[in-house]
């Protein structure tokens with residue numbers, strides 16, 4: 001049996017004497033596609049920051065690739081994609097190639113020249129996300145959906161084993177959201193990447209995820225998409241702390 005990619009035990013985190021997370025116990029299995037859902041203010045982004053090592057828990061332990069998080073030697077094992085499409089400065093003077101090459105900074109160092117092998121890897125990764133024709137286009141000229149593909153490429157170029165995506169479809173239209181999920185499906189099934197997706201789009205997410213976690217300061221649900229889909233509006237309202245209406249998605 002393989003070790004989990006992430007293991008969190010008895011995690012508690014507070015901010016300004018307010019509990020943000022409490023009694024968090026869960027694992028991200030290797031090769032899984034985990035969807036993390038829950039209300040705004042429920043602690044999803046805090047949980048991601050704890051996994052990334054940007055915050056330290058008040059209590060409990062976090063292991064990444066079977067190592068204590070503070071002793072993780074290879075940070076390139078984790079790739080991160082945030083809500084860039086909703087906030088990216090379209091006037092930023094950088095090409096797609098330059099943005100993706102930034103994902104290799106920790107490997108090649110700052111102020112170092114990109115060699116032929118690096119260039120080949122960058123172009124190969126841009127091609128993986130279906131954006132090779134735009135490699136030398138200014139990223140500000142791309143649509144939100146296209147930009148998010150580039151940010152995934154930037155996370156992919158260092159060959160991470162775990163990719164964390166925090167609300168990556170915010171501000172992206174429906175058609176591009178579908179293409180985006182198809183790309184995640186390819187990363188999961190073809191490239192065998194482990195994915196953690198933070199999202200409010202529970203309808204689409206349940207089509208692709210292997211595991212779903214519902215978080216509202218503590219874990220209220222951890223199971224597969226079929227189990228999540230069988231929850232009633234009453235169940236979800238208890239998890240979210242407010243009334244929830246189930247919307248059926250017909251794709």
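Which count do you get for residues in the stretch 22-49 that are assigned to a strand (DSSP E or B), touching a helix residue (DSSP H, G or I) at 6+ places or on another chain (Cβ under 8 Å) and over 18 Å from residue 208 (Cα atoms)? The qualifying residues number 1. No other residue among 59, 30 is within 20 Å of residue 223 (Cβ to Cβ), in contact (Cβ under 8 Å) with a residue 40 or more places away in the chain, surrounded by fewer than 18 Cβ atoms within 10 Å (Cβ to Cβ) and in contact with a strand residue (DSSP E or B) (Cβ under 7 Å, 6 or more places away or on another chain) apart from 30. Is it the case, given these coordinates, that residue 120 is surrounded by 14 or more Cβ atoms within 10 Å (Cβ to Cβ), out of contact with any strand residue (DSSP E or B) (no Cβ under 6 Å at 6 or more places or on another chain), more than 22 Å from residue 177 (Cα to Cα) and modelled with pLDDT of 90 or more? Answer is no for this residue. When the stretch 143-175 is filtered for residues that are part of a loop (DSSP other than H, G, I, E, B), modelled with pLDDT of 90 or more and surrounded by 22 or more Cβ atoms within 10 Å (Cβ to Cβ), only 157 remains.
For (1) within 27 Å of residue 147 (Cβ to Cβ); (2) assigned to a helix (DSSP H, G or I); (3) at pLDDT 90 or above, each residue gets a yes or a no:
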{"residue": "7", "(1), (2), (3)": "no, no, yes"}
{"residue": "12", "(1), (2), (3)": "no, no, yes"}
{"residue": "51", "(1), (2), (3)": "yes, yes, yes"}
{"residue": "57", "(1), (2), (3)": "no, no, yes"}
{"residue": "92", "(1), (2), (3)": "yes, no, no"}
{"residue": "98", "(1), (2), (3)": "yes, yes, yes"}
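Given the condition over 13 Å from residue 32 (Cα atoms) and in contact (Cβ under 8 Å) with a residue 40 or more places away in the chain, answer yes or no: does some residue in the stretch 228-236 qualify? No, the stretch 228-236 contains no residue that is over 13 Å from residue 32 (Cα atoms) and in contact (Cβ under 8 Å) with a residue 40 or more places away in the chain. If you go through the stretch 201-228 and pick out every residue that is farther than 22 Å from residue 15 by Cβ and in a strand (DSSP E or B), you end up with 5.
Here residue 178 passes the criteria (1) at pLDDT 90 or above; (2) not in a loop (DSSP other than H, G, I, E, B) except the one numbered (1).
Here are some residues: 77, 44. Which one is under 23 Å from residue 181 (Cα atoms), at pLDDT below 90 and within 18 Å of the chain's Cα centre (by Cα)?
Numbers: 44 fails: at pLDDT below 90.
Residue meeting the stated conditions: 77.
Here's a check for you: in the stretch 181-200, which residue that is part of a loop (DSSP other than H, G, I, E, B) and surrounded by fewer than 17 Cβ atoms within 10 Å (Cβ to Cβ) is modelled with the lowest pLDDT?
Taking the stretch 181-200 and keeping what is part of a loop (DSSP other than H, G, I, E, B), we get 190-193, 199-200.
Still in the list and also surrounded by fewer than 17 Cβ atoms within 10 Å (Cβ to Cβ): 190-192, 200.
Details: 190: 88, 191: 87, 192: 89, 200: 82.
Step by step, filter the stretch 181-200, then rank; the result is 200.
The values are calculated or read from the model by the stated rules, or taken from the named source; none is laboratory data. Treat the numbers as computed from the prediction; the structure is a model and nothing was measured. Cβ coordinates were reconstructed from backbone atoms using ideal geometry, including for glycine residues, and neighbour counts include every protein chain displayed.
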